[in-house]
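Notes for the one structure printed next.
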Amino acid sequence: MSTAPVPVDLTLFKAYDVRGIAGENLTDKVAYRIGRAAPHYLNVPEIAVGHDMRLSSPQLAASLLRGIIVQVTTDGLTFDYGDWWFNVRPSNTEPPCV
């Protein structure tokens, strides 16, 4: 999914959740962008995602999770590779991607 700026209606954000009209001000792209921002904004080790029984909920939750996973996976791979390169590998070896 594109990371190009997507206009986000700030009235979506409530005290404890995100609420909007599916397909209007709450789209898959908006949910994805919220997911991309959530790990950095919330700064917590775990994020729980829930939804109601509306037909649009599973797709919106999936888009949100895709955005969250992109951030967590990217950050994790960066750390793991850096940790391997500087702390774990024998000093006379090259990284596998060189």
Checklist outcome for this item: For Lys14 and Val49, extending 7 Å from Cα along the Cα-Cβ vector and measuring point to point gives, in nm, a value of 1.9
Checklist outcome for this item: The summed charge of the Gly67 Cβ neighbourhood (under 9 Å; Lys/Arg +1, Asp/Glu -1) stands at +3
Item to check | For Leu64, Leu26, Leu55, order by how many other beta-carbon atoms lie within 10 Å, fewest first | outcome: Leu55, Leu26, Leu64
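Please give the contour-minus-distance gain from Ala37 to Ala61: 0.36 nm per residue of separation, less the Cα-Cα distance, rounded to one decimal in nm.
Between Ala37 and Ala61, full extension yields an extra 7.2 nm.
Coordinate-derived values only; no laboratory data. Worth saying up front: this structure is predicted, and the values here are computed from it rather than measured. In this analysis, Cβ positions are derived from the backbone assuming ideal geometry, glycine residues included, and neighbour counts consider all displayed protein chains.
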